[in-house]
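Notes to accompany the following structure.
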Ligand code: PEP
Ligand code: MG
């Protein structure tokens, strides 16, 4: 029979999955002989059962809870509900991963109208008894029964005002009794029933509330942001009460073994005498710093510092502890690995290694790679952010903080930037034409588009803050304004601020602070490089991005999107000429103009990458993306092309596709217009020859996109090889080059053995592979996500976090089948998932050679790849 309830004395820290973090650590501290109030934990499996049983607690679990409660009563020598000497408990949630979105603590459970009087007599302290009762009613009301917390606060304030009291501690027993009466009346008024008097009923209601809180909105959002599966469930901890509010020799506090914002090795925290739990954080009274405890209670301080040191050494990590002092006696209520800023995470990890407490590998495992973002991008000044007002939320498409005036098209944004203004470009969605405007902006905000939409991908490449797919806003580009859901209007030139890490949009300007990197960062990166197996490449199309990626540790380019090289104003014309060409000759003439530009670009990239591999992908997007849509722009282009506007419109209409993402793009362009592939091959090969003549040893990798059939690859490869070999032969120098393909259509993955015979490498384009596997547009995925989350269909956004079940399976099939034909087939990933830690771990597991991601994600990928190697080695050790 499954055991659902464990006394603290029955558990330990390794039972985290079953007992949750809090429960496992309470058990561990009990085992270490530390002063922990006694109690027990209802397991996470009981929570899972609760949901399986249609949100009810099975009778056998309820029976086990009360059996364990009876054991605890025997051990403590007090009875639940006994007015003469009551056993009161706290009820707290605790999942495997600490989750601030979940249920708050309930203290003093077990009190009722009779027990409170008994407690008053027993302690000879009626003020304390009624203070505890009123706190319990408010917590139970708020947390379990959803009675608005502020309503309780209003009642308390009214009593304070009546009695001329400033602080809660100024209220005497009589006043506390009045507060209790008012709270009970309020409870009855709101709930239509009186406050429950049966402690057992109170307990079961609280346990259910903890289980329910696993599924509340805050918890779901937190889980999504932190990749915590919904199936884990939460445990419930029931612990004997100790009282920080008993008198002036009692108190409560929280402390970290090191400073959580800087990582400095020094006890950091605060406490409040004559107070209970939430008073410390509630800000009603100002807490004292933990150092001051030395003066208030020197013995307790001494004992606490010894325990803190012991716990840090035991857990080999910075601890975050909660404690209570009851009449001069110290009790430990919780310990856990402390949350810390990115800078502190690095410093603590490096210091712990230097102090000889942990190995380098352990240090690497302690850092959340995603946290590194905060070190690489500007962030809001925390104090400034506190008073900021958020107006909407979109997708956190590219991290960083940005503040500026809103402009609704690329050219006015560029003009404003030239005037010296800080600019936020706001668009319904961006297109290649917006590139200049994006470049000059502090941040980009779009109404449509998912995590792999044009805006998201380009902004990430530029290292620029972007919030995409904010459907809450109604954006009127032409009229120069947008409105929020509540109708507030923001006009061109108004200030807003964006947080690309959370997706939040704020009214007004908020001060930002620049990113800064410390020596600890370099140390962590070096240790990562020492252990990782995966190579880290970058997605870069410009010398600027490539140079930044090299600085951040990239070891090659895994994806150069050649279409991005034609965005600039002086190139777009020739590119458009190529697109609208009616004959092969006209197209070749336009391509001749593009050739030198493209070749120059490749030379720049090859030189910047200093001999590292460079993968150049041939033209991929639907061509009409590059054509103008507005009348004025069409007229202008028609003039430049010396054709009539009507003719140009017809051409544009002819190019229009109903489903462009599945249309005339990728290798299909090279099949229908082989001359494009010829020109691109010439540019790559001539550039490589030129650079190698100067002493480098570039081996260019040409990548053919969007293959669904090996014959397509054969066809395009044939053009590449013919063109390249002729140039090489004519030049009289030797040049090695590789031709590979992207795997981004399910059929390609499923026929990988055939394709591998023709390919030197596979690079998984998981943006398209996800889009095509799900049949879900990467540009519009954002629209359905919210209802998919709410209805528990998706737990995360598959365009951002690799779906291992489906897309991952295709990758596995393709990798295995590909390598079954060609043992040393090089495997990589260049979709946006290449910068996501859990996807990187999967690529490591599949034996990939490299992952490729945008430049600013390179450090994240280096650490994530190291963690994957370390976990992989651990797993092997266990087998
Ligand atoms: C992909 O599809 O994953 C990819 C890298 O190509 P793009 O994003 O340019 O379509
Ligand atoms: Mg693609």
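A short reminder: the numbers here are calculations on the coordinates, not readings from a lab. Fair warning: this is a prediction, and the values are worked out from it, not measured in the lab. A quick note on method: Cβ atoms are made from the backbone with ideal geometry, for glycine too, and the neighbour counts reach across all protein chains shown.
Quick notes on this one:
- Largest-first principal axis extents of the Cα set of segment 501-557 (Å): 45, 30, 18
- log10 of Debye I(q)/I(0), alpha-carbon scatterers only, for segment 593-654 at 0.24 Å⁻¹: -0.98
- Of the residues 514, 142, the one with the fewest other Cβ atoms within 10 Å heads the list, and the complete ranking is 514, 142.
- Shown here are the Rg and Dmax of the Cα trace of segment 276-349, at 13.6, 39 Å.
- Cα gyration tensor category, rounded, prolate or oblate, for segment 484-627 with a/c compared to 1.5: oblate
- Relative to the longest principal axis of the Cα atoms of the chain, the long axis of helix 342-354 lies at roughly 80 degrees.
- In terms of overall dimensions, segment 316-442 has a Cα radius of gyration and Dmax of 22.2, 71 angstrom.
- Viscosity 1.002 mPa s, 20 °C: Kirkwood-radius Stokes-Einstein D of segment 43-150 over Cα pairs, µm²/s: 137 µm²/s
- Oblate is the label for segment 620-689, because the ratio a/c of its alpha-carbon gyration tensor axes (a ≥ b ≥ c) is 1.5 or higher and a/b is not greater than b/c.
- This ranking places 224, 327 by how few other beta-carbon atoms lie within 10 Å of each, fewest first, which gives 327, 224.
- Computed from Cα positions, the angle between helix 645-655 and the longest principal axis of the chain comes to roughly 60 degrees.
- For the peptides 400-409, 726-735, residues were scored by their other Cβ atoms within 10 Å and the scores averaged per peptide; the highest-first order is 400-409, 726-735.
- With the convex hull of the Cα atoms taken as the outline of segment 514-590, the averaged projected area works out to 7.9 nm².
- Normalised by residue count, segment 14-58 yields a Cα convex hull volume of 69 Å³ per residue.
- For segment 428-528, share of DSSP beta bridges that run antiparallel, in % to the nearest 5: 75 percent
- DSSP bridge orientation in the chain - percent antiparallel, rounded to nearest 5: 65 percent
- By the equivalent-ellipsoid construction on the alpha carbon gyration tensor, the chain comes out with semi-axes of 59, 30, 24 Å, ordered largest to smallest.
- Length available on full extension from residue 170 to residue 871: 0.36 nm per residue minus the Cα-Cα distance, which gives 246.8 nm.
- Summed over all non-identical Cα pairs, the Kirkwood treatment of segment 223-274 gives a radius of 14.6 Å.
- At q = 0.15, 0.20, 0.22, 0.25 Å⁻¹, base-10 log of I(q)/I(0) for segment 710-770 (Debye sum, equal scatterers on each alpha carbon): -0.52, -0.77, -0.86, -1.00
- Only Cα sites of segment 755-855 enter the Debye sum here, all with the same form factor; the resulting log10 I(q)/I(0) across q = 0.11, 0.16 1/Å is -0.34, -0.68, listed in q order.
- At 1.567 mPa s and 4 °C, Stokes D of segment 403-513 from Kirkwood alpha-carbon radius, µm² per second: 97 µm²/s
- Taking only the C-alpha atoms of segment 146-239, the Rg (one decimal) and the largest Cα-Cα distance, Dmax (whole number), read 17.8, 51 Å.
- Extension gain from residue 193 to residue 725, taking 0.36 nm per residue of separation minus the Cα-Cα distance: 182.9 nm
- Approximating the spin labels as points 7 Å out from Cα along Cα→Cβ, the residue 10-to-residue 696 distance works out to 6.6 nm.
- Stokes-Einstein D for segment 668-712, Kirkwood Rh over Cα pairs, 37 °C, 0.692 mPa s (µm²/s): 273 µm²/s
- Multiplying the residue separation of residue 157 and residue 200 by 0.36 nm and removing their Cα-Cα distance gives an extension gain of 12.4 nm.
- Two-site label geometry, residue 58 and residue 517: point separation in nm, points 7 Å out along Cα→Cβ: 5.4 nm
- The reciprocal of the average 1/r between distinct C-alpha atoms defines the Kirkwood hydrodynamic radius, which for segment 387-439 equals 12.2 Å.
- Across segment 192-293, Cα-Cα distances exceeding 18 Å account for 68% of all pairs.
- Annotation: peptides 183-191, 737-745, 14-22, ranked by per-residue average of other Cβ atoms within 10 Å with the highest first, follow the order 737-745, 14-22, 183-191.
- For segment 87-131, the fraction of C-alpha pairs more than 12 angstrom apart is 66%.
- The angle between the Cα long axis of helix 631-641 and the longest principal axis of the Cα atoms of the chain comes to about 30 degrees, rounded to the nearest 10.
- With neighbour counts taken as other beta-carbon atoms within 10 Å, the residues 170, 247, 181 rank, fewest first, as 170, 181, 247.
- Scaling against 2.2 N^0.38 Å puts the C-alpha radius of gyration of segment 639-727 at 1.42.
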